[in-house]
Amino acid sequence: MRITVNGAVHDTGAQSLAALLVELGHGATKVATAVNEAFVPAALRAQQTLNHGDRVEIVAPRQGG
Amino acid sequence: MPRLYDREIKSRLMLGTAQYPSPAILAEAFRRSGAGIATVSLRREAGAAREGQAFWDLIRALNVELLPNTAGCHSAREAVTTAQMAREIFGTNWIKLEVIGHADTLQPDPFGLLEAARILCAEGFEVFPYCTEDLVLCARLIEAGCRVLMPWGAPIGTGLGLNNMYGLRALRAHFPDVPLVIDAGLGLPSQAARAMELGYDAVLLNTAVARAGDPAAMAEAFARAVEAGRLAYEADPMTPRDMAAPSTPILGKAFL
C-alpha cells in the first residue's frame, strides 16, 4: 500500500497507524500524529486503519518563537 | 504578577526557544532572563533522528511553563490540528495561536485567527492569539473566549519595536482588565521597556535575544528593561508638555 508520510511517498504493509509508527521506529518516542489533516490521539492510533493514498503527519517537539 | 488563564506568571518576560547558537546558550539565556514561559513548536520527525526527544529533555530542564505555538499555519484548520497535536505532546491547554495571512509581513490572518480561536476555546484550549492591535478583532477574540491577547509590536523577526503606538495605547485603554502581551517585533530592551511603560502586562520575544552577539547578556538586558518599564508604569509617569518648565525654583534666585 502506498501512502504519504511527512510529505514523502512511503510503501508500507502496516494496517494501522500504530503499526506504521513501530515500522518507522517511532515506537516509544514522543510524537503526535494526524491522518488526512485530522488529529489522531495516541489512544486511537491502534484502531486508525490506513488506506492507500492516506497522508500521515508525524511531528515532535521543536524550537519555536 | 499577572495571571494568565489562572496561572500566575513568575516574570513579565517570555522567551522563544528558536535560533540560539547552541542548546547550552539557550539554557543560559533562560537562566539570566528569569523568564518563566518558553514558546515551543512542533515539526516533522524522522524515525531515527530523535530530535524531538533531545529538545524535549532540554526544555524540561529549563523548568518553565511551556507555550506551544501554531507557527507557520496559514489556515484555521491547519492551526486547529496543530493545536490538538501540541496539547497531546506538551500536556498543556495553552496554545499560542498563529494563523498567518501574509507571506512578507507574517501578519496574522484575522478571519482565520478568529475562526480557529472559536473552535479551540470551545474545545477547552486556553488560547493566546497572536493578533494585530485592531480593536474590533481583539473584541471578537475576547467574545470567542480568549482571556489573553498578544498583539504584535512589529512583524516577526524585524526588530522594529512598537510600530503603532496609538493603536497599542488604544488597545490598552479599551481592555484594561485583559492581560496584554506584546508578541513579536521587538529588537531592543528599550522597546520592551516602552511596551511596559504603556501598561502592557508582558512581552514575548525570540530573535532579539537569540540573534544577539551574546544572547545570554541580551536576555538579561531585556529582563532589566521589562522590570524598569513596569516599575515606571506603576510609578505613574509625568505628563509630557511642549513648553519648557524650569525644575529649579525661580523664587530666591540671586539678582545679579
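Quick note: the coordinates plus some simple rules give every number you see, no bench work behind them. Predicted model only: the values in this text are computed from it and were never measured. Cβ placement follows ideal geometry from the backbone for every residue including glycine, while neighbour counts extend to all protein chains displayed.
Quote the charge dipole size of segment B:40-172 about the Cα centre in Debye, to the nearest 20; the model charges only the Cβ of Lys and Arg (+1) and of Asp and Glu (-1).
In debye, rounded to 20, segment B:40-172 gives about 160.
Dipole of segment B:21-145 (Lys/Arg Cβ +1, Asp/Glu Cβ -1, origin at the Cα centre): which of B:39, B:136, B:81 lies farthest to the positive side?
The listed residue farthest towards the positive side: B:39.
Which percent, to the nearest 5, of DSSP beta bridges fully inside chain A are antiparallel?
85
Loop only by DSSP, 16 or fewer other Cβ within 10 Å of the Cβ. Give me the trypsin sites (Lys or Arg not before Pro) in segment B:159-217 that pass, ordered by residue number.
Sparse-neighbourhood loop trypsin sites (Lys or Arg not before Pro): B:211.
Which value, in debye to the nearest 20, describes the size of the charge dipole of segment A:2-59 about its Cα centre when Lys and Arg Cβ atoms bear +1, Asp and Glu Cβ atoms bear -1, and nothing else is charged? Could the numbers behind the result be given before it?
Working: 4 positive and 5 negative charges, 21 e Å.
I would put it at about 100 debye.
Straight-line reach only, C-alpha to C-alpha below 19 angstrom: list the aspartates and glutamates that residue A:30 could link to, leaving out same-chain residues fewer than 8 apart.
A:57, B:45, B:51, B:57, B:65, B:88
Among DSSP beta bridges whose residues both lie in the protein assembly as shown, state the antiparallel percentage, nearest 5.
Antiparallel: roughly 45 percent of the beta bridges in the protein assembly as shown.
For the protein assembly as shown, what is the mean residue ellipticity at 222 nm derived from helices alone (per DSSP H run of n ≥ 4: -39500 (n - 2.57); sum divided by total residues; nearest 500 deg cm²/dmol)? Let's see the in-between values first.
Numbers: 10 runs with 111 residues, N = 321.
Here the helix-only value at 222 nm equals -10500 deg cm²/dmol.
If the only charges are +1 at each Lys and Arg Cβ and -1 at each Asp and Glu Cβ, what is the size of the charge dipole of the protein assembly as shown around the Cα centre, to the nearest 20 debye?
I would put it at about 480 debye.
I want to verify a result. In a Gaussian network model of chain B, Cα cutoff 10 Å, which of these has the top mean-square fluctuation: B:203, B:80, B:136?
Result for chain B, Cα springs under 10 Å: B:136 fluctuates most.
Can you list the equivalent-ellipsoid semi-axes of the protein assembly as shown, largest first and in whole Å, using the square root of 5 times each Cα gyration tensor eigenvalue?
For the protein assembly as shown, the ellipsoid semi-axes come out as 44, 21, 15 Å.
GNM on chain B, C-alpha springs below 10 Å: top fluctuator among B:149, B:204, B:58?
Looking only at B:149, B:204, B:58, the largest GNM fluctuation is found for B:58.
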